Amino acid sequence: MVAMTDARSDVQPRTLVLVRHAKAENGDEGADHERRLTSRGQRAAAEAGRWLATVVPTPDAVWCSSATRAVQTWQAIAPSLEAPKPTVDRDLYLAGPRDVVERLAAAPGPTTVLVGHNPTVEQVLATVTGEPRGMRPGAVAVVDLGAGRLVDFWEPRR
């Protein structure tokens with residue numbers, strides 16, 4: 001487990017919201033980056049946004065993989081939140097858990113949303129909480145980084 005704390009006592013708790021992109025269409029070889037959400041994935045992502053609005057309505061930063069399905073997941077979530085414009089980054093498409101954890105150390109505010117892919121999303125969750133947990137497409141995990149614990153979790157209905 002990697003607890004992420006700040007030495008200053010007046011700092012707000014750090015929260016990480018991990019979002020695995022929602023259900024995507026099957027892709028042809030070589031077209032993985034361009035895979036789009038299915039209609040089921042669109043509905044699930046919008047539902048995730050409504051749920052997330054009750055838990056973390058105003059994130060400080062949003063980082064999103066540049067893959068089409070991740071961007072579409074964020075676009076379906078975003079209308080439910082008061083969130084800044086996302087940073088869409090191709091590096092997050094193939095990022096490993098260490099890359100993501102290092103980025104979190106430089107996050108600009110107390111609450112960061114990351115929309116990405118497996119296995120990285122599950123590996124980051126395990127790294128910061130010390131507990132492995134599966135995340136189906138469209139799942140959302142809310143983590144208290146200071147305590148290194150999962151505080152809330154949502155998955156779309158099957």
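When only C-alpha pairs under 8 Å and at least 6 residues apart count, what is the relative contact order of the chain, in percent? Walk me through the numbers before you get to the answer.
Working: 344 pairs, mean separation 56.1, N = 158.
Once normalised by length, the contact order is 35 percent.
With each run of n ≥ 4 DSSP H residues scored as -39500 (n - 2.57), what mean residue ellipticity at 222 nm is computed for the chain after dividing by its residue count and rounding to the nearest 500 deg cm²/dmol?
Numbers: 4 runs with 46 residues, N = 158.
When only DSSP H runs of four or more count, the value is -9000 deg cm²/dmol.
Taking N as the number of residues in region 41-100, what is its Cα Rg relative to 2.2 N^0.38 Å?
Against the compact-globule rule of thumb, the ratio is 1.12.
Can you sort E82, E155 by how many other beta carbons sit within 10 Å, fewest first?
Working: E82 9, E155 17.
The fewest-first ordering by Cβ neighbours comes to E82, E155.
Considering every pair of different Cα atoms, what Kirkwood radius, in Å, is found for region 67-156? Intermediate values should be presented prior to the final figure.
On the way: mean 1/r = 0.0728 Å⁻¹.
About 13.7 Å for region 67-156.
At R0 = 25 Å, how high is the FRET efficiency between F153 and E25 if r is their beta carbon distance? Nearest 0.05 is fine.
On the way: r = 26 Å, r/R0 = 1.02.
About 0.45, to the nearest 0.05.
Starting from the 7 Å offset along Cα-to-Cβ, what nm value, one decimal, do you get for the label separation of R36 and A106?
Reported label-point gap for R36 and A106 is 3.5 nm.
So what are the three principal axis dimensions of the chain from its Cα atoms, in whole Å, longest to shortest?
Reported extents, whole Å, longest axis first: 49, 29, 28.
Values quoted throughout were computed directly from the atomic coordinates according to the rules given, and no laboratory measurement underlies them. As the structure is a prediction and not an experimental result, all values here were calculated from the model. Note: ideal-geometry Cβ built from the backbone for every residue, glycine included; neighbour counts use all protein chains shown.
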